[in-house]
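Only one structure is covered here, and it is reproduced in the block below.
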Amino acid sequence: MTWALDHLGVIASLTWRHTLLAGIPLLLGLLVAIPLGWVAHRVPALAPVTIVGTGLLYTIPSLALFILMPLVLGTRILDPINVVVAMTVYTVALLVRTVVDGLRSVPADVDAAATAMGFGRFRRLWQVQLPLAIPVIAAGLRVAAVSNVSIVSIASLIGVAQLGSLLTDGYNRAIAGELLTGIVAALLLALVFDLVVVGTARLLTPWRSP
Amino acid sequence: MIASVWSWLTDPANWRGAGGISSRLGEHLGYSAVVILIAAAIAIPLGLWSGHSGRGRWLISAANAARAVPTIGLLFATSLWLGPHVTGDLAFTVPSILVLVLLAIPPILAGAYAGVEAVDPAVRDAARGMGLTGPQVLRKVEVPLALPLLVSGLRSAVLQVVATATIAAYVGLGGLGRYLIDGLASGRYAVMAGGAVLVSGLALVADLVMAALQRLAASPGLLPPGRRKRRSDRPDAGPDPPHGTTVDVPAGQDREGSRTHRR
């Protein structure tokens, strides 16, 4: 407790970095997963390929993926871009399946009604299918958000600073207070991410009873 | 850069000896197998019991919530606290193994519980109506029907353990993670990237093996009619659709549910 109180400035800046490293990939991943999921939904033959393909990416252990990123991107090992791209890959892997499930959850008659009203396929996606798929997509996003916050900590092993740095530094210098602060801060941040996703989903679906 | 990684991977000298790739791979597999066995021995009975009796559901929720704890935090805290109390080489292995077991339990528990919980109540009632006792219902009906989801939970646990065992090299565990951590410490990118390729390959192969097991685990009666073996001597054999209890588990099922906060 005293350790945390004495280092509030450090904790705040690491928390902000952690938020960016976990949050930006969450948004990028969603942006990539929606078109991929939509294509997989429209062309059922592509669905297994897309879902299994992205699923295989998810099997790569995070530390290995962080280290392999410079080979793929041509970046330096300490570059935070490696972490952002790797986390985006994981987010896409988790969300493509969710987007497909979400689009499948849209009742067929609603979709047919929109078509009958003259909606084209993009307007239907944007104004009918996606809004109705929000609850399912949000459920997947919650999992991805909490998992991202947890995985980003590991980037401190390759020297990218965020809350995980409190864990590595606390361990290396045997400062229990710092280690504990890191764990609690990461847990709280995961909770905040979760609440933001749940809150945004509520705001976007006002027709669902609270 | 790719060329140097490739030459490190293909140099036979790197594969032999005490710190060679072959022995590191063996260590990695050994730790993972021991951890999964211990975790399964704890989590499968608990999950089956909870699903069967409907009691102890808080266990599942608690285990799931615990997954939000960053794995390296758990790993470091345990090594810091336990390390001084264990002597010799065990000081490096025991804390890591303990954490790996803790991390493997939630997905297995969730899989076993969800499998039994998802059994159609009508099937359970029919088994009871035939005179089966509680334990018999569990053994002869619920467990076979729960098997695909149970194996799916094991699959998540295997991935989690293979990935986290890599990270545990930071607190002194052997295995392939040594290349990533030692390569990093000595600034040799070829070594760490080579190790990363090996670990990724291992994770991929392990996942494929578990996916195959998951398919095998599906009881023949649960397969869609086309994939079911026809038995002509059975009066009801024929292309009748299964009645609502089909649990066809495609590869990657339950990803969101049970395999998230690994690493």
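Within 10 Å of the Cβ of each residue in A:13-25, the mean number of Cβ atoms contributed by other protein chains is 0.
Shown here are the Rg and Dmax of the Cα trace of segment A:1-71, at 18.4, 58 Å.
Each pair of Cα atoms in segment A:151-210 enters the Kirkwood radius, and Stokes-Einstein at 20 °C and 1.002 mPa s then converts it into a translational diffusion coefficient of 163 µm²/s. Size descriptors for segment B:55-96 (Cα atoms only): Rg and Dmax, in that order, 13.8, 42 Å. Sorted on the mean count of surrounding Cβ atoms within 10 Å across their residues, most packed first, peptides B:139-152, B:9-22, A:66-79 read B:139-152, A:66-79, B:9-22. Whole-Hz Karplus values for segment B:105-121 come out as 5, x, x, 5, 4, 4, x, 5, 5, 4, x, 5, 5, 7, 5, 4, x Hz, taken residue by residue from phi with 6.51 cos²θ - 1.76 cosθ + 1.60 and θ = phi - 60°; glycine and proline positions read x.
With helices as the sole contributors, the protein assembly as shown gives -23500 deg cm²/dmol at 222 nm; each DSSP H run of n ≥ 4 counts as -39500 (n - 2.57), and the sum is divided by every residue. Counting only alpha carbon atoms, the long axis of helix A:80-104 and the longest principal axis of chain A meet at about 30°. Under conditions of 25 °C and 0.890 mPa s, segment A:88-208 yields 147 µm² s⁻¹ as its translational diffusion coefficient, taking Rh as the Kirkwood radius over Cα pairs in the Stokes-Einstein equation. When its C-alpha radius of gyration is set against 2.2 N^0.38 Å (N residues), segment A:58-106 gives a value of 1.41. Inter-chain Cβ neighbour count for A:139-152, averaged per residue, equals 4 (cutoff 10 Å, partner chain atoms only).
With a bin width of 20 angstrom, please list the P(r) values of the protein assembly as shown as percents of all Cα-Cα pairs, from the 0 bin to the one holding the largest distance. Result returned by the calculation: 22, 53, 23, 2. The convex hull defined by the C-alpha atoms of chain A has an orientation-averaged projected area of 13.7 nm².
Taking only the Cα atoms of segment A:25-136, the ratio Rg/Rh comes out at 1.09, with Rh defined as the Kirkwood radius.
What do you get for the angle between helix A:130-152 and the principal long axis of chain A? Use alpha-carbon atoms, 0 to 90 degrees, nearest ten. Tilt of helix A:130-152: around 20 degrees. Relative to the dominant Cα principal axis of chain A, helix A:8-42 is inclined by about 20°.
Taken together, the values in this text are just the output of simple stated rules run on the coordinates, not laboratory data. These figures come from a predicted structure and were not determined experimentally. Methodologically, a virtual Cβ is constructed for each residue, glycine included, from the backbone with ideal geometry; neighbour enumeration extends over all protein chains shown.
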